[in-house]
Amino acid sequence: MTKDKINKSRRRLIQSAGTLPIAVSTPIAFGDDHQKNYKKHDAFSLDEIYPRWKTDSAKWDLQTKRFPGQKIHAAMDIADLDFRTAPVITEAITKRVLHENWGYILTPDSYYESIINWIKKRYGEEISRDQLLLATGVLPAIQSAIRAFCPKNSKVVLNSPGYSELY
């Protein structure tokens, strides 16, 4: 596969992903109306490969340890980002870091509203706030769903590839 085809495939995957865009939800998660409090950024390219070698990247640096001396063309064992983070996300995280307090924060209503609005815009579905549950990550969310909907010792079919922690 040529580099051009790989880049086009990456772009198509990113554009078609049915997940909540973190670029929208991150500033809102910090309690900010990102349209008012964050400067306008120029568009950035999701097609530009961002080098992750020698940065302790689980996706790339682990491969060089597993296969020393071999050139790695495509690391396929972990879903990870190979492009720069959107400037609005970096700005929101920097703003929170400069606050210099890592205590617990409330999840603002605007965070849930952004998810509700995104689902309505993307899928035409209307959901309510009480249908959403905040999870600390993909694995805890899947594990909670399995525990909630499957009786103990049930058999669960999982697609592969998937998270090895679920098998």
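The values are calculated or read from the model by the stated rules, or taken from the named source; none is laboratory data. Small disclaimer: the values here were computed from a predicted structure and weren't measured. For neighbour counting, all protein chains shown are included, and Cβ atoms are generated from backbone atoms with ideal geometry for every residue, glycine included.
Quick notes
- Note on the range 80-120: residues that are out of contact with any Lys or Arg (no Cβ under 9 Å at 6 or more places or on another chain), on the phi < 0 side of the Ramachandran plot and charged (D, E, K, R) total 4.
- Residue match in the range 83-95 (condition: loosely packed, with under 13 Cβ neighbours inside 10 Å, more than 30 Å from Q63 (Cβ to Cβ) and of a type outside the set (A, V, I, L, M)): yes
- K121 vs. criteria exposed (fewer than 12 other Cβ atoms within 10 Å of the Cβ), assigned to a helix (DSSP H, G or I) and either touching a Gly at 6+ places or on another chain (Cβ under 8 Å) or modelled with pLDDT of 85 or more (or both): yes
- Residue count for the range 106-118, restricted to those that are part of a helix (DSSP H, G or I) and either assigned by TED's automatic domain parsing to the domain that holds Y163 or surrounded by 13 or more Cβ atoms within 10 Å (Cβ to Cβ) (or both): 7
- Test for L134: is it modelled with pLDDT under 95, within 19 Å of the chain's Cα centre (by Cα), assigned to a loop (DSSP other than H, G, I, E, B) and surrounded by 10 or more Cβ atoms within 10 Å (Cβ to Cβ): yes
- If you go through the range 87-139 and keep only what is in contact with a Pro (Cβ under 9 Å, 6 or more places away or on another chain) and either among the small types (G, A, S) or farther than 27 Å from Y163 by Cβ (or both), you end up with V88, E91, A92, K95.
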